[in-house]
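In what follows, a single structure is set out as structure tokens and then discussed.
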Amino acid sequence: MATQYVNQATSNVTISGQQVNFSSNSVTAQLLDTTLVTLVKTQSSALVVSGGSITYSIAITNLSLSPITNFNFQDIIPTGMTYQTGTFKINAATQTPVIAGQNLSYVFTTLPIGLSTVSFTCNVT
């Protein structure tokens with residue numbers, strides 16, 4: 001469970017020799033973990049051959065309390081490999097990343113709360 005901070009204001013006054021106490025409503029603030037997103041990468045095989053291919057999968061988990069806008073995803077494709085056009089998917093839906101040299105990038109307009117899965121295939125040259 002997340003850490004919560006509860007705060008309430010109180011005051012008192014003495015009226016005709018009698019102390020009267022007053023209290024405000026309580027307000028609560030929740031501590032936000034600085035780890036808002038986790039990424040876990042896996043690959044389809046530990047061994048590849050020249051002319052073959054390998055598929056990478058990245059589990060992106062948004063742990064924040066709301067969707068994240070303009071979330072930048074980037075992957076550097078290893079030297080000796082090329083991105084296989086048309087294989088970039090987010091939650092099984094084909095998307096179009098930006099490829100610049102060995103850099104693959106994609107901007108999520110909105111990264112939803114919870115798990116999103118990115119996958120793509122590279123050819124071994």
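Rule-based calculations on the coordinates, nothing more; no lab input. Quick caveat, the model's predicted, so the values are computed rather than measured. Virtual Cβ from ideal backbone geometry, glycine too; neighbours counted across all protein chains shown.
A few points about this structure:
- Every listed requirement among (1) more than 20 Å from the chain's Cα centre (by Cα); (2) over 24 Å from V48 (Cα atoms) is met by Y106 save one, (1).
- The residues of the range 31-83 that are within 12 Å of F120 (Cα to Cα) and aromatic (F, W, Y), listed by number, are Y56, Y83.
- Of all residues making up the range 78-123, the number that are among the hydroxyl-bearing types (S, T, Y), touching a Pro at 6+ places or on another chain (Cβ under 8 Å) and over 19 Å from N62 (Cα atoms): 1
- Cβ pairs under 8 Å, 6+ apart, first in the range 78-98 and closer than 19 Å to F108 by Cβ, second surrounded by 12 or more Cβ atoms within 10 Å (Cβ to Cβ) and of a type in the set (K, R): Q95/K89
- For the condition touching a Ser or Thr at 6+ places or on another chain (Cβ under 6 Å) and either charged (D, E, K, R) or under 30 Å from F108 (Cβ atoms) (or both), I58 does not qualify.
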